[in-house]
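Asks: First, the structure itself, so that you have it in front of you.
The numbers here are math on the coordinates, done by the rules we state, and not lab data. Note that the structure is a prediction, hence the values are computed from the model and not measured. Reconstructed Cβ throughout: ideal geometry from the backbone, glycine too, with neighbour counts over all protein chains shown.
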Amino acid sequence: PRIIFITRHGQSEDNVLGRIGGDANLSEKGRKFAATLTEFVKQKIAAFAERTLAEQQQEEDEERQRPLSDSIALANGHSHYPPATSSLHEYPTSSETSSVDGTPQPSLEIWTSMLKRAMQTAEGFDPDVYTIRHLRALNEIYAGKREGMTYKEIMEQYPDEFEARRKNKFYYRYPGIGGESYADVVQKLQPIIVELERKRHSVMIVGHRAVVRTLLSYLMEIPTTHMPDMEVPLGYVYACEPRPFGNHLTVWKYLE
Ligand code: F6P
């Protein structure tokens, strides 16, 4: 069992000014969110690990009382879980989760984009304890020549572009080298999704508005027609838990 946390970075200095794209630092408010998020996710992961531990323990206790077979029984005192002191750690069950010396790896990985606002949001996680990865594919939709502008400026200076995007936001590609559309972002995130599905432990993704929309639409099967207009405000934390018939979504909101 695992959780996939998805959130946007904390408020950036560009968010305050209403500028799109760029590579700004977190604002004061954004830094406060980052600190709260870090503690929140650590606690959730610990609680989650304890819950599964308790559930597993109950099953084992029941099996001990009603053995299925005389020859195959639970070996007393041998649980495949770690001692209760390390609720944040999963006992390695595959080469993927065990390090070379066999020490248990943390059951949470943190993936952020390579933009400062996302990396700074995850700065409170100790890299000696958590695997932290900065992935270019998680970078925000690139607005090409319109990077750093406000929507109002685009509307006033490039009304045709503004209208074209409004009409067909999924396929509209920003002008300029590297300019992206939502369709491009979907392509860019494919390897992330493949890796995410392959993972067996929990992951927290710190992304951006278009990136979070794309990931949520994939995980929650939201049609691409709705996806570019989904409300994903700053300060919302989404948690997807894979279940047999689809993902279960929980949403939290940061109260400043
Ligand atoms: O304003 C924040 C931001 O992440 C921009 O960097 C990005 O261009 C935009 O949101 C994406 O949202 P939309 O597709 O609705 O313009």
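Asks: Tell me the relative contact order for region 98-221 as a rounded percent, counting alpha carbon contacts under 8 Å between residues six or more apart.
Replies: Computed value for region 98-221: 32 percent relative contact order.
Asks: Let me ask another. Excluding Val251 itself, calculate the net charge of residues whose Cβ lies under 15 Å from the Cβ of Val251, where each Lys or Arg counts +1 and each Asp or Glu counts -1.
Replies: It works out to a net charge of +2.
Asks: So, one more: Quick check: residue separation of Asn25 and Thr224 times 0.36 nm, minus the Cα distance between them. What number comes out in nm?
Replies: 68.6 nm
Asks: Let me ask something else about it. Which of His134, Met149, Gly246 sits farthest toward the positive end of the charge dipole of region 102-256, with +1 on the Cβ of Lys and Arg and -1 on the Cβ of Asp and Glu?
Replies: Gly246
Asks: Still on this model: Past 27 Å, Cα to Cα, is the threshold; run Lys145/Lys199; Lys42/Lys188; Lys32/Lys199; Lys167/Lys188; Lys44/Lys188; Lys145/Lys188 against it and keep the listed order.
Replies: Lys145/Lys199; Lys42/Lys188; Lys32/Lys199; Lys44/Lys188
Asks: Label region 153-256 by shape, choosing from rounded, prolate and oblate, from the square roots a ≥ b ≥ c of the eigenvalues of the Cα gyration tensor; if a/c is under 1.5 it is rounded, and otherwise prolate applies when a/b is larger than b/c, oblate when it is not.
Replies: prolate
Asks: A further question on this structure: With charges only on Cβ, +1 for K and R and -1 for D and E, what is the dipole size of region 170-256 about its Cα centre, in debye, rounded to 20?
Replies: Its charge dipole is roughly 200 debye.
Asks: Tell me, what ³J(HN,Hα) does each residue in region 201-217 have, in order and in whole Hz, if you take phi through Karplus 6.51 cos²θ - 1.76 cosθ + 1.60 with θ = phi - 60° and put x for Gly and Pro?
Replies: For region 201-217, the Karplus-derived couplings read 10, 6, 9, 10, 9, 9, x, 9, 4, 5, 5, 5, 4, 5, 5, 5, 5 Hz, x marking Gly and Pro.
Asks: Can you tell me which of 111-121, 15-25 comes out highest on packing, and rank the rest after it, using the mean Cβ neighbours within 10 Å?
Replies: Peptide ranking by packing, descending: 111-121, 15-25.
Asks: Then there's this: What does the C-alpha gyration tensor say about the overall shape of region 146-206? Classify as rounded when a/c is under 1.5, otherwise prolate if a/b is larger than b/c, or oblate.
Replies: Note, shape of region 146-206 comes out prolate.
Asks: With a ≥ b ≥ c the root eigenvalues of the C-alpha gyration tensor of region 104-174, is it rounded (a/c under 1.5), prolate (a/b larger than b/c) or oblate?
Replies: Verdict is prolate for region 104-174.
Asks: At a 10 angstrom cut-off on C-beta neighbours, averaged per residue, how do the peptides 206-216, 134-144, 171-181 rank from highest to lowest?
Replies: 206-216, 134-144, 171-181
Asks: Calculate, in nm to one decimal, what Asn168 and His134 gain on full extension: separation in residues at 0.36 nm each, minus their alpha carbon distance.
Replies: This chain segment gains 9.2 nm when fully extended.
Asks: Continuing with the same structure: Could you pull out every residue, at least 5 positions away or on a different chain, whose amide H is within less than 5 Å of the one on Ser12? Hs are placed 1.01 Å off N in the peptide plane, and Pro or chain starts have none.
Replies: Residues meeting the criterion, in which the H sits 1.01 Å from N, are Ser27.
Asks: Related question: Report the full-extension gain for the segment Tyr158 to Glu62: residue separation times 0.36 nm, less the Cα-Cα distance, to one decimal in nm.
Replies: Taking Tyr158 through Glu62 to full extension adds about 27.8 nm, to one decimal.
Asks: While we're here: What residues have an amide H closer than 5 Å to that of Arg133, excluding those fewer than 5 places away on the same chain, when H is modeled at 1.01 Å from N in the peptide plane?
Replies: Counting only residues 5 or more places away or on other chains, the set is Ile110, Trp111, Thr112.
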